[in-house]
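Asker: Got a structure here, written out as structure tokens. Questions coming.
The values are calculated or read from the model by the stated rules, or taken from the named source; none is laboratory data. Since this is a predicted model, take the numbers as computed values, not measurements. Every residue, glycine among them, receives a Cβ derived from its backbone with ideal geometry; neighbour counts consider all protein chains shown. Note: accessible area is taken over every heavy atom of the protein model, side chains too, but ligands, DNA and RNA are not part of it. Shrake-Rupley method; radii C 1.70, N 1.55, O 1.52, S 1.80 Å.
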Amino acid sequence: APIYVIDGMIMDISDVRDISSSINFLNPADIASIEILKDASASAIYGSRGANGVILITTHKGFESGPKVTFNAQLGFAKVQKLPENLGSEEFMDYIRESYANGYNSTMPDTLTEVEETIVQYNKGYDTDWEDEVLRDRASLSQNYNLSLKGGTKDARYASSFGYYNEEGIIATNSNYKRYSFRINSDFDLGKIFRIGENLSITQANILGPFSQGFGVLRSASRTNPLYPVYKESTDPEYRDPNDPEYDYYKYGGTPDRNPVANNYYNLNIYTNTLTVFGNIFAEATFLKDFPFRTSIGINLSNRKMDDFEPQYHVSPHTSRTISQVTKSSFWTNGWLWENTLSYHKVLEKHDMSAMLGYT
């Protein structure tokens, strides 16, 4: 993977075991510019860590002016427009009949019984599109709000921002992402030689559902038998009246495999909350005209907490939980970076010379 350098602070994803410490914490509205370093000379100062490239991200900085307030709001909608065409009940039965007629698995003693049971289920008239069932029946809404304040004087500049992002997932249940972000960047001139400043971001991200929920749910839905209903039939011995207090535990119908709607409802109640503090403080000094020295100390702190709740439920004899279960886990990731560089830059007529000496 490439490494990301955000305002001089290295975020090396390959060194991070916790997925929550990737650059997902960064609010795109805070990005002023992105630069890609891919040749050896440009990425040399990062050593072997930069072998697969370096992505330099610079966030917005303050400038000399009166306070400037900016507010931005965005609303978006997402809805799946086209999915693979799975077999309906008619096509599925044609497939079952043809496979049996061609001798597929004909050596299995229970093959004929399975076909007969399938025909009985087919005659009940169900034709379930499981992909439609696991997706929202309306467009999912996303909201993005950003408020920023910038300004400064000749010797002091500042830029701060607050962002709120909320996205409903396209999966019908247990699918949501929220992010609250705060950033403060400032720098100060102390006379003509010294400059100090900081770049700091604090982000809280809340996720409902697993990180890769969509793929698993849709994959399961595309493999589920269309001859079975989502909910238990009234003729099912395990059927409960909707007014029954235990209805919620028994409402979903069984299938030869897992019921993907029930699996998403009962088994994917995963709440993940991640707090990330990322940034650095720096000082610069120009002792001679062409020799600026810079030192910076950065931190990368991440605290991720996960709560996984699986209630008592009964879908079928092979898909049930007799007692409710709660799993709580917590992950801490922390890193620091101390970087010192002495640079030299000189232009003499048609010649341009630059050099850098650094310790990280």
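Asker: Could you please give the count of residues in segment 67-95 that are more than 25 Å from D137 (Cα to Cα) and out of contact with any strand residue (DSSP E or B) (no Cβ under 9 Å at 6 or more places or on another chain)?
Answerer: 3
Asker: While we're here: Residue by residue through segment 313-359, note down the ones that are more than 29 Å from the chain's Cα centre (by Cα), within 30 Å of R294 (Cβ to Cβ) and small (G, A, S).
Answerer: S343, S354, A355, G358
Asker: A further question on this structure: With of a type outside the set (D, E, K, R) and open to solvent by 40 Å² or more (accessible area, probe 1.4 Å) as the only criterion, which of P311, P317 stands out?
Answerer: So the residue among P311, P317 that is of a type outside the set (D, E, K, R) and open to solvent by 40 Å² or more (accessible area, probe 1.4 Å) is P317.
Asker: Considering only residues of segment 323-360 that are hydroxyl-bearing (S, T, Y) and more than 30 Å from F309 (Cβ to Cβ), which is most open to solvent (accessible area, probe 1.4 Å)?
Answerer: Residue satisfying both the conditions and the ranking: Y359.
Asker: Give the residue that is nearest to R157 (Cα to Cα), with candidates limited to residues of segment 188-211 that are buried (at least 17 other Cβ atoms within 10 Å of the Cβ) and among the polar types (S, T, N, Q).
Answerer: N199
Asker: Search segment 115-169 for residues being assigned to a loop (DSSP other than H, G, I, E, B) and of a type in the set (G, A, S), and hand back the single one that is least open to solvent (accessible area, probe 1.4 Å).
Answerer: G169
Asker: Pick out, from segment 23-82, the strands (runs of 3 or more DSSP E) lying fully within it that include 3 or more residues that are surrounded by fewer than 15 Cβ atoms within 10 Å (Cβ to Cβ).
Answerer: Output list reads 31-37, 65-78.
Let's see how each residue does on (1) β-branched (V, I, T); (2) over 20 Å from the mean Cα position of the chain (by Cα); (3) within 16 Å of I31 (Cα to Cα):
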position: Y158; (1), (2), (3): no, yes, yes
position: F162; (1), (2), (3): no, no, yes
position: A172; (1), (2), (3): no, no, no
position: S175; (1), (2), (3): no, no, no
position: S181; (1), (2), (3): no, no, yes
position: I184; (1), (2), (3): yes, yes, yes
position: L190; (1), (2), (3): no, yes, no
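Asker: Further question on the same structure: For segment 229-245, which residues satisfy the criterion of being surrounded by 12 or more Cβ atoms within 10 Å (Cβ to Cβ) and assigned to a loop (DSSP other than H, G, I, E, B)? Explain how you work it out, then say what you get.
Answerer: Step one: of segment 229-245, the residues surrounded by 12 or more Cβ atoms within 10 Å (Cβ to Cβ) are 229-233, 236, 238-240, 244.
Across segment 229-245, the qualifying residues are P229, V230, K232, E233, D236, E238, Y239, R240, D244.
Asker: Could you tell me which numbered condition T255 fails, if it satisfies all but one of (1) modelled with pLDDT under 90; (2) within 24 Å of K124 (Cα to Cα); (3) open to solvent by 40 Å² or more (accessible area, probe 1.4 Å)?
Answerer: Condition not satisfied by T255: (3).
Asker: Scan segment 283-300 and tell me whether some residue there is open to solvent by 10 Å² or more (accessible area, probe 1.4 Å) and in contact with a helix residue (DSSP H, G or I) (Cβ under 9 Å, 6 or more places away or on another chain).
Answerer: Yes, some residue in segment 283-300 is open to solvent by 10 Å² or more (accessible area, probe 1.4 Å) and in contact with a helix residue (DSSP H, G or I) (Cβ under 9 Å, 6 or more places away or on another chain).
Asker: To continue, here is another question. For V261, indicate whether it is assigned to a helix (DSSP H, G or I), surrounded by 15 or more Cβ atoms within 10 Å (Cβ to Cβ) and either modelled with pLDDT of 90 or more or in contact with a Cys (Cβ under 8 Å, 6 or more places away or on another chain) (or both).
Answerer: It is true that V261 is assigned to a helix (DSSP H, G or I), surrounded by 15 or more Cβ atoms within 10 Å (Cβ to Cβ) and either modelled with pLDDT of 90 or more or in contact with a Cys (Cβ under 8 Å, 6 or more places away or on another chain) (or both).
Asker: Give the residue, chosen from E238, E246, E233, that is within 24 Å of Y265 (Cβ to Cβ), touching a helix residue (DSSP H, G or I) at 6+ places or on another chain (Cβ under 7 Å) and either at pLDDT 90 or above or not hydrophobic (A, V, I, L, M, F, W, C) (or both).
Answerer: Just one listed residue meets the conditions, E238.
Asker: Next up: Could you tell me which of the residues N185, N174, N146 is more than 19 Å from V80 (Cα to Cα), touching a helix residue (DSSP H, G or I) at 6+ places or on another chain (Cβ under 8 Å), touching a residue at least 60 places away in the same chain (Cβ under 8 Å) and not acidic (D, E)?
Answerer: N146
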